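Peer 1: Before I ask anything, let me first share the structure, which is written out below as structure tokens.
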Amino acid sequence: MRQGQIIALGVAGVFGVAAAIGLYSTMKKEPEVKIVPQQVDTTEVLVAKTEVGLGQIVNRENFRWQQWPAGSVAGGYIQNGRGGKDPLIALIGSVARAPILKDEPITVNKLVKPGDGGVLAAILPAGMRAISTKISDKTAVGLLVLPNDHVDVILIQRKRSKGGGEEFISDTLFRNVRVLAIGQVLEAKEGKKGADGQTATLELTPRQTELLALANSMGEISLALRSVADMSAANGPSAGNGLNAQRGNSIRVLRYGVKSRAYGVN
């Protein structure tokens, strides 16, 4: 083979290898990804800068403005620049009617303004009443009953028997009743086992408040703590036997000389 042919073949081989390497590099190279920014309409929404507890008085330090997608703003959110006035001015000094988490959007119904009623009145559902009864460690589960727990209300009466002696009768007045406060504590504190107080404030219907007021003068009131599994809507507050209910469905039990009645036990 002539020297010129050898040189030509060598040059062709070099170019072939270079072409193969270039083709391989091109195939291995990842496609370029272009990021196209998309414009989203936003507005400023008032959110909690810090956690706010039930009954806490708020000020400017508790709030901040947060950019929020305009399409996700609910009707009750407080937006900046609406109405031409600073909405924070109207909120200063308000009281939280429910716990508010950090960065949670603020709505007007989560706060009660001064002059619109007390905190307890703000958290009380429409149509319900708040009434207190005396408690002690032996009548309130060792004072381990906390606000927002649910209890059964039991009346224990001392009566004179036909033979001239004394007998004790227990009646379940109400079942599944919400505890609004223990003493002046409206919210259970984390890490605190119980709430100190000599009274328990309960959430009852108007008729039930009358019966409890009467029961307070007739004997001793005890609270029986219910499981959290009983706090569903299907097991809402209900009357026990009451003080004027029919006695036909009662069961009287004589145990250690103490008579008790149970009515429609859940």
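Any read-out appearing in this document is the output of simple, stated calculations on the displayed coordinates, not a laboratory observation. Source: prediction; values computed, not measured. For neighbour counting, all protein chains shown are included, and Cβ atoms are generated from backbone atoms with ideal geometry for every residue, glycine included.
Peer 1: Given 4 °C and 1.567 mPa s, compute D for region 42-122 with the Stokes-Einstein relation, Rh being the Kirkwood radius over Cα pairs; round to the nearest whole µm²/s. Don't skip to the answer; put the middle values down first.
Peer 2: Numbers: Rh = 12.8 Å.
After rounding, the answer is 101 µm²/s.
Peer 1: Suppose the chain between Thr107 and Thr205 were pulled fully straight at 0.36 nm per residue; how much longer would it get relative to their current alpha carbon spacing?
Peer 2: The Thr107-Thr205 span can extend by a further 32.5 nm.
Peer 1: Further question on the same structure: With unit charges on the beta carbons (Lys and Arg positive, Asp and Glu negative) and the dipole taken about the Cα centre of region 42-122, which residue among Val112, Ala96, Gly71 sits farthest to the positive side?
Peer 2: Val112
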